[in-house]
Amino acid sequence: MDIEQYFNFLSDDDIRIAGTRVGIETVLYDYIYRSQTAEQIADTYPSINLEQVYATILYYLQNKERVDAYLTDWIEHGEWMRREQAKNPSPVTLRLRRLAAELDA
């Protein structure tokens with residue numbers, strides 16, 4: 001069985017678990033950075049099953065350099081987006097901050 005059949009390779013920076021909208025980064029972040037077991041991950045995300053979680057982990061182990069680069073890019077992009085959002089908060093965010101400040105006063 002080809003492990004890649006478990007995934008949809010939408011682009012170099014977007015690999016999804018086949019039949020779902022769940023990116024491999026979701027599973028792998030929990031596995032690598034949060035030290036969650038495959039069973040814990042499968043329980044957390046109802047749209048994927050244990051077999052898909054194990055397939056994602058196996059894909060990572062077989063393609064460690066490529067997937068490490070993929071995850072690094074994903075993490076860096078997320079950090080950049082948070083910085084940009086902090087510089088330009090939405091009107092809703094500004095209103096919620098004002099309301100929170102009023103409650104604290």
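Annotations
- If you filter segment 3-24 down to residues that are in a strand (DSSP E or B) and of a type in the set (A, V, I, L, M), you find that the one that is most open to solvent (accessible area, probe 1.4 Å) is 10.
- Inter-residue pairs, beta-carbon under 8 Å, first farther than 17 Å from residue 61 by Cα and of a type outside the set (A, V, I, L, M, F, W, C) and in segment 24-50, second at pLDDT 95 or above and open to solvent by 70 Å² or more (accessible area, probe 1.4 Å), 6+ apart: 47/21
- Contact annotation: residue pairs with Cβ atoms under 9 Å, 6 or more positions apart or on different chains, pairing a residue in segment 1-13 that is touching a residue at least 60 places away in the same chain (Cβ under 8 Å) with a partner that is among the hydroxyl-bearing types (Ser, Thr, Tyr), are 13/70.
- The lone exception for residue 27 - which of (1) under 30 Å from residue 93 (Cβ atoms); (2) open to solvent by 60 Å² or more (accessible area, probe 1.4 Å); (3) in contact with a helix residue (DSSP H, G or I) (Cβ under 7 Å, 6 or more places away or on another chain) it fails: (2)
The values are calculated or read from the model by the stated rules, or taken from the named source; none is laboratory data. Remember, it's a predicted structure, so these values are computed and weren't measured experimentally. Because the Cβ atoms are built from the backbone with ideal geometry, glycine has one as well, and the counts that use them run over all protein chains shown. Side chains included, ligands, DNA and RNA excluded: accessible areas come from the protein's heavy atoms. Shrake-Rupley method; radii C 1.70, N 1.55, O 1.52, S 1.80 Å.
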